[in-house]
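Q: Following this message is one structure expressed as structure tokens.
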Amino acid sequence: MASVKKRHRPLTLRSVSLDIIKLFIAALFVFAALFPLAWMTIAGFKMKTEVVKTPFQFFPEVWNIQNYVDILSDAAFLRTLVVTGSGAVLFTVLSILVNSLAAYAFARLEFRFKKILWAVAITTMFIPAMTILLTSFLVVTELGMLNSMAVLVIPGAASAMQMFFIRQFYLNIPSSLEEAALLDGASKFQIYTRLFLPLSKAPFVVVGVTSFMAFWNAYVWPIMVITSPDLFQVQQYLATFRSERSSELALLMAGSTLAATPVIVLFVIFQKQIIGNIKLSGIK
């Protein structure tokens, strides 16, 4: 049997020009995304008068690491990183637990008003978060949750988007596995913990990373519900730093770079799972 040769697109001036244009546009997007981050990082090595120097100068005349040393010596900044990191971990774990339980219930259990409740849950995806900030603030105020870690972690743990994402994965798990577990005498909760949870690595990575990043980068909600410096979140601390020490922009850039590092590292580690490599198509 004759082998079938793979056909290649003939090289023409038009095709080469299109490829060059595509590469140029891609490079432009990459540059636009990375330039602010690179400038912020390098600005942390400048003297404070060089950050806003005219004319603009990308690199410092003398590389100065003292800004990073000073910000890492700031007890308030370090406390903020620890508090924010701890809250982000708690928020991530709670988000995975709450949304996976809800997703399992909507995907595999049968109960009254299931379709109506699912429609209500999904509808919340289309409500902008900013529109319910005031009502949410009134609720947590009445519950006495202000200035606590609970007010940062609990209100946003349930997410319709994450619930929907995990549910779609659970719907694709073969029912034969669940039926076999039921024949072995497993309860519905045991099926969830012993069957569904071990198979949920793919959606949990996406949900976990997005939850961590959302908590770490939160700004509006923390400034509404947290006034105690002991519970300041990292973005809240940086905003306060900028307003109180506006002349120390180089130090602010160093702190901003260190604050951005955890989420960048997290994204780099899990980028393959996040970008296109998770196929929620069931088990084969």
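The values are calculated or read from the model by the stated rules, or taken from the named source; none is laboratory data. Remember, it's a predicted structure, so these values are computed and weren't measured experimentally. Note that each Cβ is placed from the backbone with ideal geometry, even for glycine, and that neighbours are counted across all protein chains shown. Calculation scope for accessible area: heavy atoms of the full protein, side chains included, ligands and nucleic acids excluded. Shrake-Rupley method; radii C 1.70, N 1.55, O 1.52, S 1.80 Å.
Q: Taking the chain as a Gaussian network, where each spring joins two C-alpha atoms under 10 Å apart, which residue of PHE31, PHE59, PHE106 fluctuates the most?
A: Of PHE31, PHE59, PHE106, the Gaussian network model singles out PHE31 as fluctuating most.
Q: Then there is this: For the range 38-83, which whole-number percentage of the solvent-accessible area (1.4 Å probe, protein heavy atoms only) is attributable to carbon and sulfur atoms?
A: 71
Q: As an exercise, use a Förster radius of 22 Å and the Cβ-Cβ distance of THR49 and LEU78 to find the FRET efficiency, rounded to the nearest 0.05.
A: Rounded to the nearest 0.05, the efficiency is 0.25.
Q: Equivalent-ellipsoid semi-axes (√(5λ), Cα gyration tensor) for the range 108-208, whole Å, largest first?
A: Semi-axes from the Cα gyration tensor: 32, 16, 14 Å.
Q: Among ASP70, ASP19, ASP184, which one moves the most in a GNM of the chain with springs linking Cα atoms closer than 10 Å?
A: Of the options given, ASP19 has the highest mean-square fluctuation.
Q: Given 5 Å bins starting at zero, what is the percent of C-alpha pairs of the range 10-157 in each, up to the one with the largest pair distance?
A: 1, 7, 8, 9, 10, 10, 10, 11, 11, 9, 7, 4, 2, 1
Q: Please report, in debye to the nearest 20, how large the charge dipole of the range 130-284 is about its Cα centre when each Lys and Arg carries +1 at its beta carbon and each Asp and Glu carries -1 there.
A: Here the size comes out at about 500 debye.
Q: Taking all pairs of different Cα atoms in the range 163-284, averaging 1/r and flipping that mean, what Kirkwood radius in angstroms comes out?
A: Numbers: mean 1/r = 0.0562 Å⁻¹.
Hydrodynamic radius (Kirkwood, Cα only) of the range 163-284 equals 17.8 Å.
Q: Select from VAL89, VAL225, VAL120 the residue whose mean-square fluctuation is largest in a Gaussian network model of the chain (Cα-Cα springs shorter than 10 Å).
A: Residue with maximal mean-square fluctuation among VAL89, VAL225, VAL120: VAL120.
Q: A follow-up question, please. For the pair THR135/ALA32, report the inter-label distance in nm, with labels modelled 7 Å from Cα in the Cβ direction.
A: 3.6
Q: While we're looking at this one, here's another question. Any idea how far the Cα center of the range 143-160 sits from the one of the range 91-138, in Å?
A: 15
Q: Also: What list of ³J(HN,Hα) couplings, whole Hz, do you get for the range 91-108 from phi and the Karplus terms 6.51, -1.76, 1.60, once you set θ to phi - 60° and write x for glycine and proline?
A: Running phi through 6.51 cos²θ - 1.76 cosθ + 1.60 with θ = phi - 60° gives 5, 5, 4, 5, 4, 4, 5, 5, 6, 6, 4, 5, 5, 5, 4, 6, 8, 10 Hz.
Q: Let a ≥ b ≥ c be the square roots of the eigenvalues of the Cα gyration tensor of the chain; is it rounded (a/c under 1.5), or, if not, prolate (a/b larger than b/c) or oblate? Write down the numbers at each step before the final one.
A: Numbers: a/c = 2.43, a/b = 1.21, b/c = 2.00.
Here the chain falls in the oblate category.
Q: Could you look at the range 115-178 and say what percent of its accessible area is carbon and sulfur, using a 1.4 Å probe and all protein chains?
A: Reported share for carbon and sulfur atoms: 74 percent.
Q: Tell me, what is the per residue accessible area of the chain in Å², probe radius 1.4 Å?
A: 62
Q: Right, another one. Please enumerate, by chain and number, the aspartates and glutamates with C-alpha under 17 Å from the C-alpha of LYS188, excluding those fewer than 8 residues away in the same chain.
A: Straight-distance partners of LYS188: GLU110, GLU178, GLU179.
Q: Also, I was wondering about something else. In whole Hz, what ³J(HN,Hα) sequence does the range 190-206 give by Karplus (6.51, -1.76, 1.60; θ = phi - 60°), x for Gly and Pro?
A: 5, 5, 5, 6, 9, 10, 6, 4, x, 8, 9, 4, 4, x, 5, 5, 5
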